[in-house]
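The values are calculated or read from the model by the stated rules, or taken from the named source; none is laboratory data. Small disclaimer: the values here were computed from a predicted structure and weren't measured. Cβ placement follows ideal geometry from the backbone for every residue including glycine, while neighbour counts extend to all protein chains displayed.
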Amino acid sequence: MYDYIKGIITAVTPEYIVVEAGQIGYSIITGNPFSFSALEGKETKVYLYQNVREDSLTLFGFKTLEERFLFKKLLSVSGIGPKSALAIVASGDAAKLISAIEAEDDVFLTKFPSVGKKTARQIILDLKGKLGDVAVNEIHIEPVKQELTDGLSPELEEALLALQALGYSDRELKKVLPKLKEEKLSSDEAIKLALRLMTS
């Protein structure tokens, strides 16, 4: 198994780069070959993953160990092949990807090519809590966004939706929500009280 190659980048194509080392040119598939354009003609270290199949032997290349780590983790997920894993890693932001997995943000994951809702859920199921070894400087876990109406009575939910339709922002409604919760109100009464509190 190759760990890395150190050599001169002699070509950058839409699908792969060529690294010459020891008078041999190695064709290496990368997520975004053009990210290596500035390094063409220069000696560069590229981290490798060797993918062996019955009919082919392919080298995948990465700029960092973190990218390769994520790639290998993604390959362990059912339904994710090398091309899909590479496309996900090519987003170039390991922190955002890990944050989305930890926060169970399947909507973010479905933005990647070949990742549908089912595959996104599988990525979360297989990888949540298992990416702590990625040495990114800071990973900020975004909490799953809660709707303003979550957990409210049907009357209060109806009142808030009506107030939102009138153009009041979530920030304004959050200020009066504790007061509304204190009272057992009908939808109309809650609307009137909210309007009185917001205009007082």
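Here is how the numbers come out for the structure above:
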quantity: Count of residues meeting criterion [closer than 13 Å to residue 89 by Cβ and surrounded by 16 or more Cβ atoms within 10 Å (Cβ to Cβ)] in segment 29-44; calculated: 3
quantity: Residue under evaluation residue 56, criteria (1) free of Cβ contacts under 8 Å to residues at least 40 places away in the same chain; (2) surrounded by 15 or more Cβ atoms within 10 Å (Cβ to Cβ); (3) of a type in the set (S, T, N, Q), criterion not met; calculated: (2)
quantity: Selected residue (criterion: farthest from residue 25 (Cα to Cα)) from residues of segment 61-99 that are at pLDDT below 85 and buried (at least 21 other Cβ atoms within 10 Å of the Cβ); calculated: 98
